[in-house]
1. Loop only by DSSP, 10 or fewer other Cβ within 10 Å of the Cβ. Give me the trypsin sites (Lys or Arg not before Pro) in region 290-376 that pass, ordered by residue number.
2. With r as the distance between the Cβ atoms of I413 and V63 and R0 = 41 Å, compute the FRET efficiency 1/(1 + (r/R0)^6) and round to 0.05.
3. What FRET efficiency, computed as 1/(1 + (r/R0)^6) with R0 = 41 Å and r the Cβ-Cβ distance, is obtained for E280 and T46, rounded to the nearest 0.05?
4. Stick to the Cα atoms of region 100-229, pair each with every other, and give me the Kirkwood hydrodynamic radius in Å at one decimal.
5. Hand me the GluC sites (Glu not before Pro) from region 267-365 located in a DSSP loop with no more than 16 other Cβ atoms within 10 Å, in residue order please.
6. Can you give the Rg to Rh ratio of the chain, both from alpha-carbon atoms, with Rh computed by the Kirkwood formula?
7. Cα-based Rg (one decimal) and Dmax (whole number) for region 329-411, in Å?
8. Treat the count of other C-beta atoms within 10 Å as a stand-in for reagent exposure and order H415, H370 from fewest to most.
Amino acid sequence: MDRVDAVVIGGGMAGLVAAWQFSRAGLKPVLLESRGYTGGLVAGSTIAGVRYDIGAEGWAVRVPDTEKLAGELGLTVEYPRSAPSWVWFDDGPFAMPVRAILGIPADLWAPDVVAALGPEVLSRAAQLDAAPLPEQLPSDLGSLVELRMGAEVLRRLVAPIAGGIHAADPHLLATEVVSPGLTAAVRSTGGLAAAVSLIKGDGPVTSPVASVAGGMYLMAQTLTDQIEQAGGRILTRTGASSLAHPAGSGRGDDWVVRAAATHRAADPSLPPEPDGQPVEFSTPRVVVACSAVTARPLLSQVIDTSGPELVAGAPIAHVNLALQAPELDSGPRGNGMLVAAGSRGVAAKALTHLSAKWPSLTASCPDGLHLLRVSYGRSGQAAQDLSVDQALSDASALTGVPLSADQLVASQIIHWTGALAPTTPATRAWVQGLHAQVAEQPGLGLTGAWTSGSGIAALVPHARQTAARLV
Ligand SMILES: Cc1cc2nc3c(=O)[nH]c(=O)nc-3n(C[C@H](O)[C@H](O)[C@H](O)COP(=O)(O)OP(=O)(O)OC[C@H]3O[C@@H](n4cnc5c(N)ncnc54)[C@H](O)[C@@H]3O)c2cc1C
């Protein structure tokens with residue numbers, strides 16, 4: 001048995017950040033990652049000779065921690081080109097309101113909101129939002145918007161925008177997870193538009209997201225390199241299969257983590273399964289940073305993990321197209337579009353004009369080359385059959401620019417099935433209970449996007465604090 005300073009289970013962003021934090025404190029962690037690469041849902045690839053992100057593209061800037069981390073890692077931060085994104089309805093696309101959170105407008109009478117919804121819907125929304133607040137506000141985003149602004153604001157703005165970003169019906173999204181502080185702001189201001197306005201502030205509208213110049217995957221790569229340079233060990237294709245409590249481990253105050261080489265699961269978008277010769281580590285510190293579906297059985301060996309059944313994530317898939325298409329130079333739909341559910345003309349749920357959105361990617365593409373990401377797979381839908389022809393047809397409709405197969409330089413189809421499981425109010429309460437139990441176990445930490453709130457912005461500070469608490 002190998003005795004080590006710390007074991008981190010899971011080499012996505014959360015596990016990498018936790019292991020890096022241990023390294024900074026002078027410890028030499030072992031990080032176990034069941035896939036063949038680190039980064040998890042942050043991953044890079046190459047298309048038409050250009051390196052780009054095939055997973056997460058950036059982070060929400062509402063908290064400064066990820067930008068601070070990028071600086072500490074020596075990475076340059078960049079912001080998307082300033083251009084509105086769009087929403088597609090079969091009866092006509094419109095630009096997304098700029099002063100808004102997840103599509104909820106800060107000012108119901110702003111010209112871009114009027115253009116999107118029309119005065120009748122807005123009069124009704126204003127009336128609803130002026131009503132006194134009930135004793136108890138709904139905890140899911142869909143019900144909150146319906147209550148304060150009505151079904152049309154939910155259908156035309158919040159469902160396509162929040163639903164597009166989080167790959168889930170807004171009724172499945174816990175408001176406090178997808179927009180921390182919104183419920184308290186509604187309470188303090190007395191209205192939903194006023195709450196959004198309070199959070200957004202009066203200053204000029206700045207981008208809500210940022211990334212690393214060159215690609216988000218560079219952050220995962222740099223964390224990996226720096227952990228190894230500081231003496232940490234990163235074991236890919238190695239999955240943790242059991243976790244034993246100090247009291248039951250027979251090793252004093254040490255935890256015992258058993259791991260084994262992995263093979264790919266039948267569905268390659270699911271985490272691989274351990275099946276090789278077991279190896280064991282004893283350690284005073286363990287951070288569980290793998291996805292919920294694998295963390296739950298590991299944690300159940302030491303705490304009570306009974307609770308709600310986890311809601312499956314959408315069958316997300318992307319068809320990425322590299323096109324020689326100077327007609328797209330003007331970025332006809334800003335940085336991209338979200339497609340409202342139920343569209344008959346378009347099968348895709350979103351399009352991102354990657355090479356227009358990120359300045360470093362624009363600079364990497366030779367003249368006239370454009371990278372488009374056409375996204376499929378809504379929550380509750382069965383996985384769709386994907387084809388490059390369908391993606392070309394959808395991209396043509398969405399951009400308003402006819403795009404043909406002879407302009408195609410390269411394409412990639414990427415599946416992220418189930419990767420973004422929504423945090424429902426019930427899951428959130430269950431996770432809070434897990435954290436309370438983990439806090440009572442000396443030397444044990446739990447982190448990862450599913451435990452810390454939504455996305456990279458939330459997991460970075462959480463993973464750092466989790467490791468720092470155990471040093
Ligand atoms: C297509 C896409 C786009 C996204 N865009 C954004 C975005 O723009 N901004 C944003 O903030 N977020 C975005 N997200 C979400 C974001 O990527 C995730 O919230 C974040 O990367 C999750 O990191 P994590 O470390 O918690 O989990 P993961 O990345 O899922 O990492 C968990 C790791 O644990 C490993 N593992 C599982 N079981 C075991 C085991 N038994 N032993 C060892 N290892 C194990 C897995 O292989 C995996 O690598 C996006 C996600 C997707 C899929």
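1. Working: sites: R333, R344, K349, K357, R373; in loops: R333, R344, K349.
Those that pass, being in a loop and sparsely packed, are R344.
2. Working: r = 34 Å, r/R0 = 0.82.
My answer for the efficiency is 0.75.
3. Numbers: r = 38 Å, r/R0 = 0.92.
The pair E280/T46 has a calculated efficiency of 0.60.
4. On the way: mean 1/r = 0.0624 Å⁻¹.
Hydrodynamic radius (Kirkwood, Cα only) of region 100-229 equals 16.0 Å.
5. Values: sites: E280, E309, E327; in loops: E309.
Loop-located and lightly packed - E309.
6. On the way: Rg = 22.8 Å, Rh = 23.3 Å.
Value, to two decimals: 0.98.
7. Spelled out, the Cα radius of gyration and Dmax of region 329-411 are 13.0, 40 Å.
8. Details: H415 17, H370 28.
Going from least to most buried by this count: H415, H370.
Since every read-out is calculated from the coordinates, none of them should be taken as a lab result. Here the structure is a predicted model, which means the values were calculated and not measured. Methodologically, a virtual Cβ is constructed for each residue, glycine included, from the backbone with ideal geometry; neighbour enumeration extends over all protein chains shown.
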